[in-house]
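The values are calculated or read from the model by the stated rules, or taken from the named source; none is laboratory data. Since we're looking at a predicted model, the values are computed, not measured. Glycine gets a Cβ as well: all are built from the backbone with ideal geometry, and neighbour counts include every protein chain shown.
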Amino acid sequence: MKKRKLSIYLVLISTLLLFVGCTKDLETDREIIKKENKEITVIADTNYTVGKDIVEKINVYEGLKGYDWVENDKIIGIKENENNKLEKLVYDVKDILNFIKKEFTTENLPYQYINVSPDKKHIFFVDSARHIRYIIDLNGNIKAKAEGPYIGELGEAIWINNKELIMPYKGTGFYIINLGGKEIKIEDVEDKEYIYKAVKVGNKIYYSTQIELERKMKVYNISTKETKLFIEDRVVDFHLSPKDNQFVIETHNLNKDKTTVSLVDLEGKNKDAVAEGRMIYGTSWSPDGSKLAYILNSRGEEDEGLFIIDIEKKKKNQVSTTYLDLENHIKWSPSGNKIMISNSEVKDSKWVDKTNVINLK
């Protein structure tokens, strides 16, 4: 896996198949709206089959690129054209970014990263082509501008809490910024290894490094300025739980070509493997920390697609055999009863954005 956590593929799988033996059919409600030589297709309750035990229905919105949830029934995204039916569902980025109009036109503006704070009140907005890197509120008011990190590092920003972000800094250290614009730069933590992800818990920063095929997860003590290896395995990605008390880590064995998803505490101990497969990515915690969603791509060798694990019950559900092509992280709604996945497909020789909302029971 490369530096970015999520793999984007050129060939998209468009047919959604779900659990066999416990399914029901849903009616199709499709409406195509044309305007100014563009069209958006809204598909409610598509003609897919869904597992009775976990999925209630699936809504697919073509012509919409979803980034995250700002309310339980509202997402932040970009509509390709005007569609009144989506007004109640979508906070359109183009409407929020009022400040952009002073500097650039919003037409065809390539939004690179949109990172919503845990309390859903602020956005870290990055447009690498225009060198824009602002923390803004949902009214488009600028709160702070991130200076210093490389453009690619801005996409690795993680909210420490509702007021602070942390990200790598020039490959060797860390950069922290808050809503007031206060910056903290911690430099020269690493020399030869490249830092590509970091999270902060208390006075410690947990981070991952890369040098050629070698991957490590380490921990840096801000007070003592000491660094140590966090875990022995080859860690390709990790995610802090919503309660800040444990990690889910993705480790990959090059010899076996297998990825293992495990839970570990903040000391790197009490390791508990919860999933294994050829390639696992996109791992995402539910808001209450009771479940994990992830994508398994087995290249046709075994069951693959979107899975959800109930950690407490130790129960794994295969939600779908598709969604192998992610263009953003798997996003849970604030209540944890919906999952949003964004991807795209080629239609009439053009790439069309698509947002999938999976309603869980």
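In the range 221-240, the qualifying residues are those that are part of a strand (DSSP E or B) and among the charged types (D, E, K, R), and the one that is surrounded by the most Cβ atoms within 10 Å (Cβ to Cβ) is Asp237. Screening the candidates Val248, Val236, Val201 for the property of being touching a strand residue (DSSP E or B) at 6+ places or on another chain (Cβ under 8 Å) and either more than 27 Å from Ile135 (Cβ to Cβ) or hydroxyl-bearing (Ser, Thr, Tyr) (or both) yields one hit, Val236.
The residues listed here are Asn203, Asn161, Asn221; of these, the one that is more than 17 Å from Phe238 (Cα to Cα), touching a Pro at 6+ places or on another chain (Cβ under 9 Å) and at pLDDT 95 or above is Asn161. Consider the range 328-341. How many of its residues are surrounded by fewer than 18 Cβ atoms within 10 Å (Cβ to Cβ) and either in contact (Cβ under 8 Å) with a residue 60 or more places away in the chain or over 21 Å from Asn115 (Cβ atoms) (or both)? Qualifying residue count, the range 328-341: 3. Just wondering, is there one or more residues in the range 241-249 that are touching a residue at least 40 places away in the same chain (Cβ under 8 Å) and among the basic types (Lys, Arg)? Within the range 241-249, one or more residues are touching a residue at least 40 places away in the same chain (Cβ under 8 Å) and among the basic types (Lys, Arg).
I need the full set of residues from the range 151-167 which are hydrophobic (A, V, I, L, M, F, W, C) and outside any loop (DSSP other than H, G, I, E, B), in order please. Across the range 151-167, the qualifying residues are Ile151, Leu154, Ile158, Trp159, Leu165, Ile166, Met167. Residues that are within 30 Å of Lys228 (Cβ to Cβ), among the hydrophobic types (A, V, I, L, M, F, W, C) and touching a residue at least 40 places away in the same chain (Cβ under 8 Å) occur in the range 286-302; there is at least one.
For the range 69-105, the set of residues classified as modelled with pLDDT of 70 or more and part of a loop (DSSP other than H, G, I, E, B) consists of Asn72, Asp73, Glu80, Glu87, Lys88, Leu89, listed by residue number.
Each row is one residue, and each column tells you yes or no for (1) under 17 Å from the mean Cα position of the chain (by Cα); (2) surrounded by fewer than 19 Cβ atoms within 10 Å (Cβ to Cβ); (3) in a loop (DSSP other than H, G, I, E, B).
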residue: Pro242; (1), (2), (3): yes, yes, yes
residue: Asn255; (1), (2), (3): no, yes, yes
residue: Glu276; (1), (2), (3): no, yes, no
residue: Tyr294; (1), (2), (3): yes, no, no
residue: Asp303; (1), (2), (3): no, yes, yes
residue: Val319; (1), (2), (3): no, no, no
residue: Tyr323; (1), (2), (3): yes, no, yes
residue: Leu326; (1), (2), (3): yes, no, yes
residue: Asn343; (1), (2), (3): yes, no, no
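Of all the numbered requirements in (1) surrounded by fewer than 18 Cβ atoms within 10 Å (Cβ to Cβ); (2) touching a Lys or Arg at 6+ places or on another chain (Cβ under 6 Å); (3) more than 23 Å from Ser335 (Cα to Cα), Asp310 misses one, and that requirement is (3). For the range 61-79, taking the residues that are within 14 Å of the chain's Cα centre (by Cα) and charged (D, E, K, R), the one that is surrounded by the fewest Cβ atoms within 10 Å (Cβ to Cβ) is identified as Asp68.
Inspect all residues belonging to the range 206-220 and state whether any of them is under 19 Å from Ile158 (Cβ atoms) and surrounded by fewer than 16 Cβ atoms within 10 Å (Cβ to Cβ). Looking for residues that are under 19 Å from Ile158 (Cβ atoms) and surrounded by fewer than 16 Cβ atoms within 10 Å (Cβ to Cβ), one finds none in the range 206-220, hence no. Tallying residues that are more than 25 Å from His329 (Cα to Cα), among the aliphatic types (A, V, I, L, M) and surrounded by fewer than 16 Cβ atoms within 10 Å (Cβ to Cβ) within the range 145-194 yields 1. A single member of Val274, Val264 is under 18 Å from Val199 (Cβ atoms) and of a type in the set (Val, Ile, Thr), and it is Val264. When Gly180, Gly140, Gly155, Gly171 are screened for being in contact with a Leu (Cβ under 6 Å, 6 or more places away or on another chain) and in contact (Cβ under 8 Å) with a residue 12 or more places away in the chain, only Gly140 passes.
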